[in-house]
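Below is one structure, written out as structure tokens; the observations come after it.
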Amino acid sequence: MPNTLKVESASNSFGAIKLESHDDDGVEVELVLSTHRAVVVRVRNVSESASGARQEQGLVIARRFCQDDRPRRSALINAAREHAMATATARAGPAQTRLQACIGGVWRDLLGAGSMPSAAVG
């Protein structure tokens with residue numbers, strides 16, 4: 001049964017995202033860079049505004065949290081959380097964007113607007 005990344009905020013649930021991995025297997029994601037020390041996962045912030053602006057960035061994940069060139073699911077979630085915390089701190093509050101990664105060739109939400117992910121096996 002695939003794991004589920006449940007996206008929640010303090011007040012409500014935004015839904016669930018199924019990642020095609022089991023337990024803490026490596027996730028097939030699109031990489032910007034891969035070195036012997038780290039991988040950089042291509043992500044994009046999608047604005048919740050009417051313009052729907054997109055800004056591409058990279059999440060750096062240490063190689064010790066990867067299986068070959070695939071970051072473990074828990075490492076991807078932790079990197080997304082750290083990115084959300086840094087963004088919220090810089091903007092003095094949660095950003096109204098969705099953080100997406102290209103997982104298995106499909107752009108999927110890691111974080112919804114103003115939310116934090118929590119892993120739930122389902």
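The values are calculated or read from the model by the stated rules, or taken from the named source; none is laboratory data. Quick caveat: nothing in here was measured; it's all calculated off a predicted structure. We place every Cβ from the backbone using ideal geometry, glycine too, and count neighbours over all the protein chains shown.
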For ILE61: the one exception among (1) at pLDDT 75 or above; (2) farther than 20 Å from GLY104 by Cβ: (2)
Within region 31-43, tally of residues that are surrounded by 13 or more Cβ atoms within 10 Å (Cβ to Cβ), more than 12 Å from the chain's Cα centre (by Cα) and not hydrophobic (A, V, I, L, M, F, W, C): 1
Filter result (of a type in the set (Ser, Thr, Tyr) and at pLDDT 90 or above) within region 6-58: SER34, THR35
